[in-house]
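Below: the structure, in structure tokens.
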Amino acid sequence: METTTVISFKQQIKQGIPNELPSIKTYETTINHAPKRKEILSDEEKKLALRNALRYFKPEQHEVLAKEFLTELNDYGRIYMYRFRPDYEMRARPIKEYPGKCKQAKAIMLMIQNNLDYAVAQHPHELITYGGNGAVFSNWAQYLLTMKYLSEMTDKQTLVMYSGHPMGLFPSHKDAPRVVVTNGMMIPNYSKQDDWEKFNALGVTQYGQMTAGSYMYIGPQGIVHGTTITVLNAFRKIGKEPQGNLFVTSGLGGMSGAQPKAGNIAGCVTVCAEVNPKITQVRLDQGWIDEKITDLDELVTRVNQAKENKETVSIAFLGNIVDVWEKFDQENVHIDLGSDQTSLHNPWAGGYYPADISFEDANEMMANEPELFKEKVQETLRRHAKAINQHTAKGTYFFDYGNAFLLEASRAGADVMSENPTIGKEFKYPSYVQDIMGPMCFDYGFGPFRWVCASGKPEDLAKTDAIACKVLEKLKKESPEEIQQQMTDNIQWIKGAQENKLVVGSQARILYADAEGRMKIAKAFNKAIKKGKIGTVVLGRDHHDVSGTDSPYRETSNIYDGSRFTADMAIHNVIGDSFRGATWVSIHNGGGVGWGEVINGGFGMVLDGSKDAGRRLESMLFWDVNNGIARRNWARNEGAIFAIERAMKSEPSLKVTVPNLVDDKLLANL
Ligand SMILES: NC(=O)c1ccc[n+]([C@@H]2O[C@H](COP(=O)([O-])OP(=O)(O)OC[C@H]3O[C@@H](n4cnc5c(N)ncnc54)[C@H](O)[C@@H]3O)[C@@H](O)[C@H]2O)c1
């Protein structure tokens, strides 16, 4: 009689890569899979990819695995090692359920599992969290080995992660980060889009996006708040109420799926186009959109009715966004706000779908006729921009939403360049950071601070919401006029957070706060943990923040001194965070706008109620925000000059170089 040994979750984590080959997994068609990546490797390079993959396994298993991995490489363009996908449910467990010797390592395991949770991740079997190619790991062996290392780690060791590959545990000390992550760090000349295809297929690097490869993704909630702030402020900018007015955009993916929810929180009519039927259904089931429409005429009728009745409603159009822009132009449906969140950071591998081709045919073409696919994408981008231009001529306010839309449209020869360009304002339309997020938030230090209650208890999250709200209400009373609006918006957000049911995956919350707010909230959490009122809390933030990201067409697009093409700020940030007490740090190439286009970093910090945690949070959070404010101030950004002067007053040991402003008339006369 055959016996199967059932081993517990903890034992499976501790075992890492199993000694015996697990049985082959069937390819599940019910879940969302990464598109087939294009053929990029030569036959010799394929052998190198196999040699690289087989390094993780015992030689006696190589014969079986070599054949299997070659099939994966030929069928999917990558070696994912599907067979090694664990059988246990992939989700963040309460921290006490993880095996290990150190709380910090257990918290990191929880965060990794959350990034791969089926309810959270975009392509969970390919270890992709969001953005089409935002990877936590490149294959399942890396996952298994990393979890094993974390289960063995003490608080005097640091795990070194090279683009998904766990290089190993190295001796360090208790104040050092437990994990240091790099993703996609390349010699600069090897950072083109096809370099990612090739070196990722070889298994030596990966695209970590932002919070995918740094284990800090908290589902679409992470972006809902930022998107709500953007939509609200965009309406304020055009002097209109959201009620009865129309916001048109696209993408219901990992991040873009937040747009209709944000539109509902703001109170407008939102139309969001999405070509992928599975993703559209997921968002409908999750309640992130209210209605789905597949016919353009029906869409026009419904939108006109919703505008007329001033309904707060979000409508998904299952189809191509270009068709929506064109149809609304023909039918004279006025669009108040327009944007786009297709994944144009990844235009040739499933980030942007061409018009007039079915979703399935487009996926085939992408893999089998990549040159033709590229032509079709560029043709669609030209049409897309043309239709937007028709609308903006009629008064629509269009902004680039940090997805490289204007950049890729310009590369496709679309009509998006300004007729009167100035340095930093070369496009016809602003990015949301230039007009909204930069001057209103980042320059003052406000950014997407977040936390996760590691107990997994919703009650803990509710208690942390209440603590954060109390801190903000107190701070608001002492805040200067310049940041009153931010404080009010954030208090309103945290008060409505429970009601808006934003949790998908771990018990997480996001909140825009400045350095002072982040430090005071974190301190109050640490105190509550010490008193036993709540369990362990993991702090973090999106990389899309004040200091973490150098990205000339997004986070640093409102830097006009020419330095937006440098990456000193992001690099300094991660180095500074690592020696000031972060529990883990990460630095990535790519993220948001694409491989080679941005350098971005993040951190995680475990609060356990200890004195050490109290010391670390003050030191690190102060730096983590004020580094970016100092740089934005040096770039002569008004809000940042104000904010850094304020920070220097509150902390006398902070001494920052402040710019002298030059009279424009002087230069004009030269
Ligand atoms: N502004 C921000 O704050 C911000 C934040 C995160 C991400 N982004 C950027 O936004 C983009 C989207 O991110 P994501 O994580 O949602 O990516 P995603 O790949 O998960 O989602 C994009 C969606 O767009 C759909 N799509 C592609 N082409 C389409 C078309 N022509 N018509 C209709 N739908 C189409 C895809 O099917 C996909 O579901 C990325 O480039 C990302 O970097 C911006």
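The values are calculated or read from the model by the stated rules, or taken from the named source; none is laboratory data. Keep in mind the model is a prediction, meaning the values are calculated, not measured. Cβ atoms come from the backbone with ideal geometry, glycine included; neighbour counts cover every protein chain shown. Side chains included, ligands, DNA and RNA excluded: accessible areas come from the protein's heavy atoms. Shrake-Rupley method; radii C 1.70, N 1.55, O 1.52, S 1.80 Å.
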Report task. Find how much the distance from LYS14 to ASP568 grows on full extension, using 0.36 nm per residue of separation minus their present alpha carbon separation; answer in nm with one decimal. Result -> 195.5 nm
Query raised in the report: Spin-label point model (7 Å from Cα, Cβ direction): what's the LYS649 to HIS62 distance in nm?
Result: 6.8
Query raised in the report: Measuring from centroid to centroid over Cα atoms, what is the spacing of segment 511-564 and segment 1-52 in Å?
Result: 36
Report summary line: The long-range amide H neighbours of ASP340, using H built 1.01 Å from N in the peptide plane and a cut-off of under 5 Å, are SER250, TYR401
Query - Relative contact order of the chain, defined on C-alpha pairs under 8 angstrom at six or more residues apart (%) - result: 13
Requested in this report: Using the structure shown, list the pairs from LYS261/LYS611; LYS611/LYS655; LYS240/LYS463 with a Cα-Cα distance above 29 Å, or answer none.
Outcome: LYS261/LYS611; LYS240/LYS463
Query raised in the report: Fully extended, how many nm does the chain gain between LYS501 and TYR88 (0.36 nm per residue separation, minus their Cα-Cα distance)?
Result: 146.0 nm
Query raised in the report: Looking at the chain, what % of the alpha carbon pairs are farther apart than 33 Å?
Result: 46
Query raised in the report: Lys/Arg Cβ at +1, Asp/Glu Cβ at -1, dipole of the chain taken about the Cα centre: which of SER151, SER191, GLY351 is farthest positive-ward?
Result: SER151
Query raised in the report: Just how large is the dipole of the chain about the Cα centre, in debye to the nearest 20, putting +1 at every Lys and Arg Cβ and -1 at every Asp and Glu Cβ?
Result: 2960
Report task. Return the sequence-ordered ³J(HN,Hα) values of segment 479-491 in whole Hz as given by the Karplus equation 6.51 cos²θ - 1.76 cosθ + 1.60 applied to θ = phi - 60°, using x for Gly and Pro. Result -> 7, x, 3, 4, 10, 4, 4, 4, 4, 4, 4, 6, 5
Requested in this report: For the chain, with all protein chains present and a 1.4 Å probe, just round the carbon and sulfur fraction of the accessible area to a whole percent.
Outcome: 51
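Size of the dipole of segment 28-96 about the Cα centre, Lys and Arg at +1 and Asp and Glu at -1 on the beta carbon, nothing else charged, in debye to 20?
400
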Query raised in the report: What does segment 330-476 give for Rg and for Dmax, in Å, if only its C-alpha atoms count?
Result: 20.6, 59
Requested in this report: Could you give me the radius of gyration and the Dmax of segment 3-44, taking only the C-alpha atoms into account and expressing both in angstrom?
Outcome: 16.6, 44
Query - Rg(Cα)/(2.2 N^0.38 Å) for segment 604-654, N = residue count - result: 1.35
Query raised in the report: LYS14: which aspartates and glutamates have alpha carbons under 18 Å from its alpha carbon, excluding same-chain residues fewer than 8 sequence positions away?
Result: ASP87, GLU89, GLU97, GLU152, ASP155
Query - Cα Rg over Rh - segment 473-610, Kirkwood - result: 0.99
Requested in this report: Go ahead and collect, in residue order, the members of segment 524-556 whose backbone nitrogen is under 16 Å from a label point 7 Å along the Cα-Cβ direction of LYS470.
Outcome: 524-535
Query raised in the report: If amide H atoms are built 1.01 Å from N in the plane of the peptide, which residues on other chains or at least 5 residues away come under 5 Å of the amide H of GLY134?
Result: THR129
Query raised in the report: So what are the ³J(HN,Hα) numbers for segment 520-528, from phi and the Karplus equation (6.51, -1.76, 1.60; θ = phi - 60°), rounded to whole Hz, Gly and Pro as x?
Result: 5, 5, 4, 4, 5, 5, 4, 5, 5
Report task. Consider just the alpha-carbon atoms of segment 454-518 and return their Rg together with their Dmax, both in angstrom. Result -> 12.4, 38
Requested in this report: Name the residue farthest towards the positive end of the dipole of the chain from the options MET255, ASN627, GLY438, assuming +1 on Cβ of Lys and Arg, -1 on Cβ of Asp and Glu, about the Cα centre.
Outcome: ASN627
**Report entry** Amide hydrogen neighbours beyond the local backbone of LYS292, cut-off 5 Å, H modeled
**Finding:** ALA316
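Of the peptides 291-298, 568-575, how do they stack up when ordered by the mean number of other Cβ atoms within 10 Å, highest first?
568-575, 291-298
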Query - Per principal axis, descending, Cα span of segment 508-566 in whole Å - result: 50, 20, 16
Report summary line: Calc'd 3J(HN,Hα), segment 20-34, phi into Karplus 6.51 cos²θ - 1.76 cosθ + 1.60 (θ = phi - 60°), Hz, glycine/Pro = x, comes to 8, 5, x, 6, 5, 8, 7, 7, 6, 8, 7, 9, 7, 10, 5
**Report entry** Dipole-positive endmost among ALA49, ALA515, LEU670 within the chain (Cβ charges, Cα centre)
**Finding:** ALA515
Query raised in the report: Considering only the chain, what is the antiparallel percent among its DSSP beta bridges, to the nearest 5?
Result: 55
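Once you charge only the Cβ atoms, +1 for Lys and Arg and -1 for Asp and Glu, what is the size of the charge dipole of segment 416-489 about its Cα centre, to the nearest 20 debye?
About 280 debye.
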Report task. Divide the volume of the convex hull of the Cα atoms of segment 209-254 by its number of residues and quote the answer in cubic angstrom per residue. Result -> 95
Query - Computed log₁₀ I(q)/I(0) - Debye formula, equal Cα scatterers, no solvent, segment 426-540, q 0.13, 0.24 Å⁻¹ - result: -0.52, -1.38
Report task. Compute the accessible area per residue over the chain, keeping the other protein chains in place, probe 1.4 Å, unit Å². Result -> 40
Query raised in the report: Of the listed peptides 598-608, 411-421, what is their order by residue-averaged count of other C-beta atoms within 10 Å, with the highest listed first?
Result: 598-608, 411-421
